[in-house]
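Report on the structure given below.
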Amino acid sequence: MKILGIEHIAIATEDLQRAALFWREVLGIEHRAGEEVESEGVLTNIFDTGKGKVELLSELGEGSPITKFLDKRGPGIHHICLEVDNIKEAICELKNVDVELINDTSKIGAEGHRIVFIHPRSTGGVLVELAEKPGSDET
């Protein structure tokens with residue numbers, strides 16, 4: 001698999017609008033998008049630094065993984081996302097070396113990216129997301 005760079009760092013927050021003020025007003029980072037990602041149970045607010053993004057996450061309804069995260073750990077870094085050139089190949093490579101994935105196949109996440117999460121047990125304690133941008137190799 002080829003890692004193309006850090007796609008984003010995701011931060012769980014209890015108040016999406018309040019957290020956005022820091023990134024937009026204090027740091028002056030361009031707001032790129034906001035999105036409901038029903039498949040992941042999250043609301044996003046995405047800020048683009050030009051060399052990677054900050055993705056603020058809040059819960060979308062009951063049972064959201066963000067609710068569970070906030071209840072257990074409070075606001076803070078939820079995961080890092082690395083961009084890959086081909087998500088399907090990445091999944092196969094990881095499975096071949098017994099890396100534990102949260103889901104066995106990719107799905108569509110924010111901004112239309114094909115995504116898969118690697119369980120923190122396989123990464124030294126950090127939730128890692130891999131993402132292939134739309135228009136990359138079709139998987």
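Structural remarks
- Positive contributions from Lys and Arg (+1) and negative ones from Asp and Glu (-1), summed over other residues with Cβ under 9 Å from the Cβ of Ser58, come out at -3.
- Within segment 3-132, the proportion of Cα pairs with more than 25 Å between them is 23 percent.
- Among Val97, Val128, the order by Cβ neighbours within 10 angstrom, fewest to most, reads Val97, Val128.
- Net charge of neighbours whose Cβ lies under 15 Å from the Cβ of Pro75, counting Lys and Arg as +1 and Asp and Glu as -1: -1
- Each Lys and Arg adds +1 at its Cβ and each Asp and Glu adds -1 at its Cβ; summed about the Cα centre, segment 35-117 shows a dipole of about 200 debye.
- Largest GNM mean-square fluctuation among Lys95, Lys72, Lys53, using the chain with Cα springs under 10 Å: Lys72.
- Ascending count of other beta-carbon atoms within 10 Å, so fewest first, for Arg114, Arg121, Arg24: Arg121, Arg24, Arg114
- Here's the picture: charge each Lys and Arg Cβ at +1 and each Asp and Glu Cβ at -1 in the chain, and of Thr44, Phe22, Ala90 the one pushed furthest to the positive end of that dipole is Phe22.
- Nearest 10 degrees, 0 to 90: helix 87-96 Cα axis against the chain principal axis: 60 degrees
Coordinate-derived values only; no laboratory data. Since we're looking at a predicted model, the values are computed, not measured. Here Cβ is always computed from backbone atoms with ideal geometry, including for glycine, and neighbour counts include all displayed protein chains.
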